[in-house]
Amino acid sequence: MSDDQPTDLPKHYSAADAEAKWYARWEAAGCFNSDVDKNRLPYTIVIPPPNVTGKLHMGHALNNTLQDILIRVERMRGKNALWQPGTDHAGIATQNVVERQLRQDGFHREDIGREKFIEKVWQWKEQYGSTIISQLKKLGSSCDWRRERFTMDDGLARAVRVAFVRLYRDGLIYRGRKLINWCPKDRTALADDEVDKIEEAGHLWYLRYPVKNPKRADRQYLVVATTRPETMLGDAAVAVNPADERYQDLIGQTVVLPLTGREIPVIGDAFVEMKFGSGCVKITPAHDLADYECGLRHQLEQIVVIGEDGLMTDKAGKFRGLDRFRCREKIVAELDEKHLLDKTEDLTHSVGHCYRCGTAIEPYLSEQWFVSMKPLAEKAIAASQAGEVKFYPARWEKVYLNWLTEVRDWCISRQIWWGHRLPVWYCEKCGETHVAETAPAECAKCGAAALRQETDVLDTWFSSALWPFSTLGWPDDTEDLRYYYPTDALVTDRGIIYFWVARMVMLGLQFMKEVPFKSVYIHGSILDENGAKMSKSKGNGIDPLVMIDGGTQTRFGKEVTFPAYGADVVRYTLCALTTEGQDIKLQPTKFDHARNFVNKVWNVSRFVMLSLADKTLTTAPVEVSQCGFADRWILSRLQAVVEQANAAFDRLAFSEFSTTLYDFIWRDFCDWYVEMVKPAFREATPESTNSARVLLYTLDRILRLLHPITPFFTEEVWSRLRELAPSRGLTDSLPAGEFLMKEKWTQPVAEWRDEELEISITEVQDLVRAVRNIRAKYRAPDDKPVELHISAAEGNAKFVDRMANFLAIIRARANVGEIFVGVDLLKPKVAATEVLAGAQIFVPLAGLLDVETERKRAEKELEKKKKSLYSLNQKLHNFEFLTNAPPAIVATEKERAADLEQQVKNLQAWRDGLQ
RNA sequence: GGACGAUUAGCGCAGUCGGUUAGCGCGUCUGCCUUACAAGCAGAAGGUCAUUGGUUCAAGUCCAAUAUCGUCCACCA
């Protein structure tokens, strides 16, 4: 057979070709596209826009796999599914990347100027910015790429300006001089949540401040404790708790600031912890948030001693120009020399670091722009409390609410170049501030034409906050916006609940008067095998692209080579590991499980195709009730599984969704159904005509169900199967479509469910397993069928009747020759025994049986059964149980007890009969 | 200092309303290259559900405390 023959599937599925092929075909055929269609319900997800600088990591892979599964299922369910893609300009991150590149050529951004630099960033974006997009495609993401947006494109830039102007006019944006988080390396302000607090080993220095004109002889100086001695140069006071009896006499006195000779007051303020340090706190309003607030309360001078470059300012006197950390050393040394260093203690404390470059943050007093958060937050709180936004898992709502309740005003201005420049102009002549969507021609106040635009740009998250509606055309009232907004689900990591989720809700409510999404699914984070976060510096990451394509990667300092697992395997693995927002400890070997599974489905598809190849497939309606037991059974199981899988999906239980399908496909379909119908196919019995249809039908449904998780290989199988079997269905006959991804999702057919049959087959399976167990135990030769006696318990004639239907199956599946089945059969002389619920089996094994082995088996089983019978009887003799437990429970427990009793009896007889 | 999460077989994890003998994958052991699949098939071993107490007829599941690990928040300088 040649390669084109549909029945000639290679033994192993090779992902690389199929993935490139199908993605291109889907895209060319417009399978990902969604357009407004008022006759259909929309289902919308906006992608968390990855940074343009980004490379796909496992977190992205997980995040986008889950979104794609949601989108693909809803699309197959008939919804008009839109997955809105795009990227984020990522202000500081991108600026840093381009600056680094510039430095390699020996330039600083100041050398080429703002205009040129921005041009360079755009060039960089055009050249490398699509990396992450092509990687998302490799993963199989079915985004509508025609709609791809960028947070700096013209439309979104306009949205940003409109949003800014409206917020300003509503009094929700203001400018002010405040203490903000400053990154001395990036030389920009940062928002509170852009600061990572890191526990660091530091020191607590106890400094002596001489008291001026001490009233008491033992008060020559007071001692303040500080972790940042260099800020003493900017001290404006020393504070003590007014309730602190040790220091009450000091309040109102003056101390002399060492090294400067400046005189500062001692004040009383309740914020001072008496128990910490010495109980005296130096107050540096310009360099510490708590001190800043204290300073405002007491109208203290704000002395800036550290500049925007992290160097000491003129106000630092002789320390001017010194790096802040160098200055710290010098000051400590000098104080020590002057006997003004009381003592030094070790202290671990948390220090803020820039989330982009890792530099220690400096609280810095400067003129910035802020969003007034309280009014916006109130609405966002109300919306989630009213259930308009639902969190999965629900506990994240509390985290979200906490933040919103305590939120401080949002510093949105950044002193970098790459980003949306504030739509603010200042009059050069009169200084008037103009906030407008476009540059005003002249000053509205004094008429001067000389206007200068604000140089600050906006926080990246400002444009991200508009993403769910700006991508759909806002501020225009577009068809898209009316149809797709609010979106359905937002899938993201807990790391950006504050940065992004909360702000989208706030601005969505502000501008659209409606929440931006109905549900927020927070999935876990990907960790390495030791439970540590994956990061470049630790070298513990697993590159999803290496997992897809294969190749080498450095892990824990070693070069490791990985096989090409393919996108489906990566997707399945991530889906299967996603349980209720739990973090995922990932290790490369975890992909083997899914690889084996994909291979299994691939191979069973081969089997189906080989089996159907030499058959003429009928298209006449199949009467399911006329089908054989195996056929009816697998159809019944299929209905149960479809129901279960749908339920799991609707609860966003991704792991359960995939494992439900896994169990059905591997255990029910491959291990049992296929094996049960094989003989009929081999012998081409009349039944095999129906079985062929059922086999095809079930595989067809399996492919549909699996497609959202593993789109590529299922599509490949689908196309090959389609050539062989162009029409599908049992009671009807429908042509198989060109693309599996556009086929209908599967709904359960209630009439095909046959629970009684399922129970019977379970009994058959137990019986077969018991025989196999005996065969294995005694090494019965494979090629020799054994004799089997099935002895139902006394009075259980029904069991005998049931089993009579399945003797052929038992014979084939357990390699059994002659079967005797009846009630209370006599045990043959030399036979191995196994006790089951409702029956006992005997397998005569002359010459193989070993009394000792048999006795051990019997004893062990007996022990187990006796134990459960004992605890069960305890329960049944408990009056409280009988009166309090629901009657149905009591009834089943009684049945169980009766059955166990019978089993114990059988086991005892078995053991006693051995000799 | 507060909030949240985790603790179940050697390892990684499921376990919904509290109700049969606590499941799955990897690994281990035994036997099989059986015409879809050795990335496979068949069988087996392996668990005091972190600890203590409580609620209940009944607890892996609910409540409280403790321990260990982890995450987030917070102005102890």
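The values are calculated or read from the model by the stated rules, or taken from the named source; none is laboratory data. Since we're looking at a predicted model, the values are computed, not measured. With ideal geometry, Cβ positions are generated from the backbone for all residues, glycine too; neighbour counts draw on all protein chains shown. When the accessible area is computed, the model is the full protein with side chains, heavy atoms only, and any ligands, DNA or RNA have been set aside. Shrake-Rupley method; radii C 1.70, N 1.55, O 1.52, S 1.80 Å.
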Just for the range A:187-203: of the residues that are open to solvent by 80 Å² or more (accessible area, probe 1.4 Å) and assigned to a strand (DSSP E or B), which one is farthest from A:Met512 (Cα to Cα)? A:Ala201
Before we move on, is A:Thr313 open to solvent by 10 Å² or more (accessible area, probe 1.4 Å), among the polar types (S, T, N, Q) and either within 16 Å of RNA strand B (Cβ to nearest atom) or in contact with a His (Cβ under 7 Å, 6 or more places away or on another chain) (or both)? no
Can you spot a residue in the range A:204-220 that is polar (S, T, N, Q), assigned to a helix (DSSP H, G or I), surrounded by fewer than 16 Cβ atoms within 10 Å (Cβ to Cβ) and away from RNA strand B (no atom under 11 Å from the Cβ)? no
Specify the residue that is modelled with the lowest pLDDT; the eligible residues are those in the range A:723-765 that are within 16 Å of RNA strand B (Cβ to nearest atom), under 38 Å from the mean Cα position of the chain (by Cα) and among the acidic types (Asp, Glu). A:Glu755
Filtering the range A:565-611 down to residues that are more than 30 Å from A:Ala692 (Cα to Cα), small (Gly, Ala, Ser) and within 9 Å of RNA strand B (Cβ to nearest atom) yields A:Gly566, A:Ala576, A:Gly581
Within the bounds of the range A:694-717, is there any residue that is of a type outside the set (A, V, I, L, M), within 12 Å of RNA strand B (Cβ to nearest atom) and modelled with pLDDT under 95? no
Within the range A:871-915, track down each residue that is among the aromatic types (Phe, Trp, Tyr) and more than 46 Å from the chain's Cα centre (by Cα). A:Phe879, A:Trp910
Given (1) in contact (Cβ under 8 Å) with a residue 40 or more places away in the chain; (2) open to solvent by less than 20 Å² (accessible area, probe 1.4 Å); (3) away from RNA strand B (no atom under 12 Å from the Cβ), where does A:Ile283 come up short, assuming only one miss? (3)
So is A:Ala797 at pLDDT 85 or above and farther than 23 Å from A:Thr762 by Cα or not? no
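Just to be sure before I move on: is A:Ala382 farther than 29 Å from A:Ala653 by Cα and either touching a residue at least 12 places away in the same chain (Cβ under 8 Å) or among the small types (Gly, Ala, Ser) (or both) in the structure I sent?
Here the answer is no, as A:Ala382 does not meet what is asked.
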Which of the helices (runs of 4 or more DSSP H) found entirely inside the range A:626-722 contain at least 2 residues meeting this: among the hydrophobic types (A, V, I, L, M, F, W, C) and open to solvent by 30 Å² or more (accessible area, probe 1.4 Å)? A:629-650
Consider A:Asp17 carefully, then state whether it is open to solvent by 40 Å² or more (accessible area, probe 1.4 Å), out of contact with any strand residue (DSSP E or B) (no Cβ under 7 Å at 6 or more places or on another chain) and in a loop (DSSP other than H, G, I, E, B). no
Only residues in the range A:106-117 that are surrounded by 13 or more Cβ atoms within 10 Å (Cβ to Cβ) count as the first member; pair them with residues that are of a type outside the set (D, E, K, R) and not in a helix (DSSP H, G or I), Cβ under 9 angstrom, at least 6 apart or cross-chain, and list the lot. A:Arg109/A:Trp417; A:Arg114/A:Trp417; A:Arg114/A:Thr455; A:Phe117/A:Trp417; A:Phe117/A:Trp418
Residue among A:Arg328, A:Arg297, A:Arg324 that alone is in contact with a Gly (Cβ under 9 Å, 6 or more places away or on another chain) and either away from RNA strand B (no atom under 13 Å from the Cβ) or open to solvent by 30 Å² or more (accessible area, probe 1.4 Å) (or both): A:Arg324
Using the structure shown, decide if A:Tyr247 is open to solvent by 20 Å² or more (accessible area, probe 1.4 Å), within 13 Å of RNA strand B (Cβ to nearest atom) and out of contact with any helix residue (DSSP H, G or I) (no Cβ under 6 Å at 6 or more places or on another chain). yes
Pairs with Cβ under 6 Å, 6+ apart, first in the range A:540-558 and farther than 13 Å from A:His57 by Cα, second among the hydroxyl-bearing types (Ser, Thr, Tyr): A:Thr552/A:Thr561
Filtered residues of the range A:725-735 (kept if crowded, with 16+ Cβ neighbours inside 10 Å and either under 16 Å from A:Gln639 (Cα atoms) or out of contact with any strand residue (DSSP E or B) (no Cβ under 7 Å at 6 or more places or on another chain) (or both)): A:Ala725, A:Gly729, A:Leu730
What is the number of the single condition among (1) more than 13 Å from RNA strand B (Cβ to nearest atom); (2) loosely packed, with under 13 Cβ neighbours inside 10 Å that A:Gln874 does not meet? (1)
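Among residues belonging to the range A:173-186 that are within 33 Å of the chain's Cα centre (by Cα) and more than 16 Å from RNA strand B (Cβ to nearest atom), point out the one that is surrounded by the fewest Cβ atoms within 10 Å (Cβ to Cβ). It would help to see each step written out before you state the result.
The first filter runs over the range A:173-186 and keeps only residues within 33 Å of the chain's Cα centre (by Cα), leaving A:180-183, A:185-186.
From what is left, the residues that are more than 16 Å from RNA strand B (Cβ to nearest atom) are A:183, A:185-186.
Values: A:Cys183: 29, A:Lys185: 15, A:Asp186: 20.
Among them, the one singled out is A:Lys185.
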In the set A:Gly59, A:Gly54, the lone residue that is out of contact with any Leu (no Cβ under 6 Å at 6 or more places or on another chain), at pLDDT below 95 and in a loop (DSSP other than H, G, I, E, B) is A:Gly54
Could you check how many residues of the range A:250-280 are among the polar types (S, T, N, Q) and near RNA strand B (Cβ under 8 Å from one of its atoms)? 1
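In the range A:162-179, is there at least one residue being in a strand (DSSP E or B), touching a Pro at 6+ places or on another chain (Cβ under 7 Å) and of a type outside the set (Val, Ile, Thr)?
yes
To keep it simple, each residue is scored yes or no on (1) more than 8 Å from RNA strand B (Cβ to nearest atom); (2) farther than 26 Å from A:Tyr778 by Cβ.
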site	(1), (2)
A:Glu852	yes, no
A:Arg857	yes, no
A:Lys860	no, no
A:Lys866	yes, no
A:Tyr870	yes, yes
A:Glu880	no, yes
A:Ala885	no, yes
A:Ala888	yes, yes
A:Leu914	yes, no
All positions within the range A:294-307 that are modelled with pLDDT under 90 and of a type in the set (D, E, K, R): A:Arg297
Test for A:Asp614: is it of a type in the set (D, E, K, R), closer than 30 Å to A:Trp83 by Cα, within 13 Å of RNA strand B (Cβ to nearest atom) and open to solvent by 50 Å² or more (accessible area, probe 1.4 Å): no
Given the criteria at pLDDT 90 or above and either open to solvent by 10 Å² or more (accessible area, probe 1.4 Å) or among the aromatic types (Phe, Trp, Tyr) (or both), does A:Ile381 qualify? yes
Hey, among A:Glu245, A:Glu230, A:Glu199, which residue is at pLDDT below 90 and within 52 Å of the chain's Cα centre (by Cα)? A:Glu199
